[in-house]
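Report on one structure; see the data block that follows.
The values are calculated or read from the model by the stated rules, or taken from the named source; none is laboratory data. Bear in mind the structure is a predicted one, so any value in this text is a computation, not a measurement. Note: ideal-geometry Cβ built from the backbone for every residue, glycine included; neighbour counts use all protein chains shown.
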Amino acid sequence: MGCSSSKTADAVTISRWRSTGIVALRDSKLKTFPDEVFDLEKSVRTLDLTHNKMVEIPMEINKLTNLQRLILANNIIERLPMNLGLLQSLKVATFDGNRITNLPDELGQLVKLERLSVSANLLTSLPDTIGSLRSLVLLNVSNNKLKFLPESIGSCCSLEELQANDNSIEELPGSVCNLIQLKSLCLNNNNLNQMPSNLLRECKGLQNIALHGNPITMDQFQQMEGFQEFEARRKMKFDKQIDSNVIISSKGLDEGVDL
C-alpha cells in the first residue's frame, strides 16, 4: 500500500501523529491508506480518513492494536476486512456514506465497540453476530436496503439508541423488547404496520420513538400496552428540556412520538 499524498510523509506530521495518537487526514484526496500510519502501529488511537477516495481497508489495519476510533465516512469502500475483528480496543467505528454491501461476521468480535454507524450504504442485512456487541450504545443503520433486523439484536444489552430510518423494514424482531436500556428508536420511512406488542411495556427507558412514513397508525400505537407510561416518560423529558432552556423542535409535544 502506498501513500497518494506526499504531505503524509513529512517527519513533523509523523512525529505529531505519534505523540498525540491522532491521525486526521480528512479531505486529503487519498486513494489508499498511507504506509506511515501502519508504521506507527500501537501509537494510533484515532484514525480519521473522512471524505477521501478510499476503495478498501487494507489487511494491515490489524497492526493498529490500540485503535479506539476508526472514522472512514464518505469514501467509496465496498467491503470491510474480516480481520477488523482483531481491533479489540475499538470503541467507535464510522463508515457512513460508502458502498458497503455487507458486514463481516467478525464484527461481533469487537467486544468494546460502543458506537457503530454505517448509514447511507448498501446493506441488505446485518450479521447475526451483531448480538455479540454487548457494549454497543449506538447503532445507526439508516438509509440502507434492510428489510429486517436480526433476532440477535436483542442481545445488544447496552443499546440506548437505534437508528434505522429510510430502509424497507417490514417487521421488528420480538427480541427488541429485551433492549431495556433503549431510550431512542428511530424507524422513519420503513414499511412497519405494527410494533412488537410488549415493546413499550418491556423497554421502560424508551423516551423517543420515530415512526413517520410507516403504515402503522397513531391509533394502533396508543393501544399498545405500556403506552401511558411511555407517554409520561416522553413528556417528562420534554419538560426537562424546557426547564433547562434547551431549544426544541417545532413539533413541540409531538416530539418523541413521530407517527
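Brief remarks on what is shown
- Within the stretch 95-113, the only residue that satisfies the criterion of being more than 20 Å from Gly154 (Cβ to Cβ), surrounded by 20 or more Cβ atoms within 10 Å (Cβ to Cβ) and either among the basic types (Lys, Arg) or under 11 Å from the mean Cα position of the chain (by Cα) (or both) is Phe95.
- In the stretch 15-25, the count of residues that are modelled with pLDDT of 95 or more, under 25 Å from Leu122 (Cβ atoms) and not in a loop (DSSP other than H, G, I, E, B) is zero.
- Elements of the type strands (runs of 3 or more DSSP E) sitting completely within the stretch 114-181 and holding at least 1 residues that are more than 23 Å from Leu80 (Cα to Cα), over 14 Å from the mean Cα position of the chain (by Cα) and at pLDDT 95 or above: there are none.
- Candidates Pro34, Pro58, filtered to the one that is touching a Phe, Trp or Tyr at 6+ places or on another chain (Cβ under 6 Å) and not acidic (Asp, Glu): Pro58
- For the stretch 59-78, the condition holds for at least one residue, the condition being that it is surrounded by fewer than 17 Cβ atoms within 10 Å (Cβ to Cβ), among the aliphatic types (A, V, I, L, M) and in contact with a helix residue (DSSP H, G or I) (Cβ under 8 Å, 6 or more places away or on another chain).
- Scope the stretch 135-175; condition buried (at least 16 other Cβ atoms within 10 Å of the Cβ) and free of Cβ contacts under 8 Å to residues at least 24 places away in the same chain; matching residues: Leu136, Leu146, Leu159, Ile169
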